[in-house]
Amino acid sequence: MTARPARVTTVAVITGLLAACATSEPPQTGRLVTTSFARPADSAATGGAYLTVVNADSIAVALTGATSPWATAVEVHETMNHDGMAHMMARTSVPIAPRDSLVMKPGGVHMMLIGLTRALREGDSVPVTLRFSIGDSLALRIPVRPN
């Protein structure tokens with residue numbers, strides 16, 4: 001008779017573990033990139049990349065970073081005017097409202113590809129992975145083209 005309560009407890013523990021495993025899978029991304037381009041740049045230089053990130057989810061997210069094997073660092077920057085002078089400021093997080101877009105463009109929010117490990121030539125496609133606040137990421141290739 002004591003075997004039955006132990007069996008019920010074992011089933012309950014296994015069921016709980018299976019439920020925990022099911023919820024720990026990474027979420028499917030609800031983000032996509034609709035347009036993108038990077039400017040040509042020399043190796044070891046810094047390049048700029050511009051894209052439109054659509055948040056198709058019903059919850060707000062933030063772009064929290066990016067990486068590329070073609071650069072030692074990728075940073076999101078925003079160009080701002082202060083006292084008639086333009087300057088750039090690094091952004092560690094850029095919010096994207098539900099069902100809205102983040103439009104990166106010259107003179108606004110953009111990505112800096114710092115310490116390029118190779119030259120960016122017209123026709124190349126730069127591999128970049130975007131990271132978001134809810135723990136997901138989006139891998140893409142950004143075409144290199146002139147302005």
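Every read-out reported here was derived from the displayed coordinates using simple, explicitly stated rules and does not represent laboratory data. Since the model is a prediction, treat every value here as computed from it, not as a measurement. Glycine also receives a Cβ, built like all others from the backbone with ideal geometry; neighbour counts cover every protein chain displayed.
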Karplus-derived 3J(HN,Hα), 6.51/-1.76/1.60, for each residue of segment 73-78, Hz, glycine and proline x: 7, 10, 10, 8, 10, 10
Three principal axis lengths of segment 31-143 [C-alpha, angstrom, descending]: 40, 38, 20
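To the nearest 20 Debye, how big is the dipole of segment 31-143 about its Cα centre, given +1 on the beta carbon of each Lys and Arg and -1 on that of each Asp and Glu?
Result for segment 31-143 is approximately 200 debye, rounded to the nearest 20.
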Proximal charge balance of residue 118 [Cβ under 11 Å; K/R count +1, D/E count -1]: -1
